[in-house]
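Worksheet: one structure, shown below.
The values are calculated or read from the model by the stated rules, or taken from the named source; none is laboratory data. Keep in mind the model is a prediction, meaning the values are calculated, not measured. When we count neighbours, we look across all protein chains shown, and the Cβ atoms used for this are built from the backbone with ideal geometry, even at glycine. These accessible areas exclude ligands, DNA and RNA; they are computed on the full protein's heavy atoms, side chains included. Shrake-Rupley method; radii C 1.70, N 1.55, O 1.52, S 1.80 Å.
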Amino acid sequence: ENPRARTLLPLSLIAISTTAVRGFSLLSSPLLKRAVPAVTAVSFNAFHVSSVKMSAMKSDEEWRSILSPEQFSVLRGKGTEFPGSSPLNKIYPKDGVFKCAGCEADLYAAPSKFDSGCGWPAFYEGLPGAVTEVPDADGRRTEIVCTNCGGHLGHVFKGEGFPTPTNERHCVNGVCLRFDEAAKPKI
């Protein structure tokens, strides 16, 4: 957890840590565990928690058990992979689906991927309802998250002049994706 995110707000015996970077997390401090033994650390972003399916909500411990450290850092911690580091950056398949590496939800149809030259996989649109846009706290950018599990994917940029049907660029961390060439988009 981000050490700068230790601002505690008492709500009965439950403490919530807040930060613009990570959203909200229930704390699992020894003091809190003594006060409320059943509490575990469950992370979620306050801006999109209503759109996250309850079945996809997991504790940080559960996420760490299914994600690599880099995937956890990006999907759950809102980190960013190094540009050009993803093998998915330079592939442009005609068929298949790019899925969330965290929950396996279909996110992008293969034909929506294009070469933006930014160093990360770029798509001009997500599958309907698959990607949720969340304004960053500073108002400069718009974050994109998996609607199913709330995992951080990257950011969307609009009006950059790319010759795509939407004039949008979903700049996605490749570590957040898994490509399934045999899958058909579920719309």
*Of the numbered conditions (1) open to solvent by 30 Å² or more (accessible area, probe 1.4 Å); (2) more than 11 Å from the chain's Cα centre (by Cα); (3) touching a residue at least 40 places away in the same chain (Cβ under 8 Å), N148 satisfies every one except a single condition; which is it?*
(2)
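What residue, among those in segment 44-73 that are among the small types (G, A, S) and at pLDDT 95 or above, is most open to solvent (accessible area, probe 1.4 Å)? If you could, list the steps in order and put the result at the bottom.
Let us first name the residues in segment 44-73 that are among the small types (G, A, S), namely 46, 50-51, 55-56, 59, 65, 68, 73.
In the following step, the residues that additionally are at pLDDT 95 or above were identified as 65, 68, 73.
Working: S65: 92, S68: 47, S73: 59 Å².
The extreme case among them is S65.
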*Any residue in segment 121-136 that's closer than 20 Å to K186 by Cβ: show its pairings with residues that are aromatic (F, W, Y) and surrounded by fewer than 20 Cβ atoms within 10 Å (Cβ to Cβ) at Cβ separation under 9 Å, as long as the two are six or more apart or on different chains.*
F123/F114; Y124/F114; Y124/F162; T132/F47
*Do the conditions hold for D95, that is, is it more than 15 Å from the chain's Cα centre (by Cα), farther than 19 Å from K184 by Cα and not aliphatic (A, V, I, L, M)?*
no
*Residue by residue through segment 167-187, note down the ones that are more than 18 Å from G129 (Cα to Cα) and of a type in the set (A, V, I, L, M, F, W, C).*
V175, F179, A182
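Rundown of residues vs (1) in contact with a Phe, Trp or Tyr (Cβ under 6 Å, 6 or more places away or on another chain); (2) hydrophobic (A, V, I, L, M, F, W, C); (3) open to solvent by 20 Å² or more (accessible area, probe 1.4 Å), yes/no style:
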| position | (1), (2), (3) |
| --- | --- |
| L75 | no, yes, no |
| P87 | no, no, yes |
| V97 | no, yes, no |
| C103 | no, yes, yes |
| P111 | no, no, yes |
| D115 | no, no, yes |
| G119 | no, no, no |
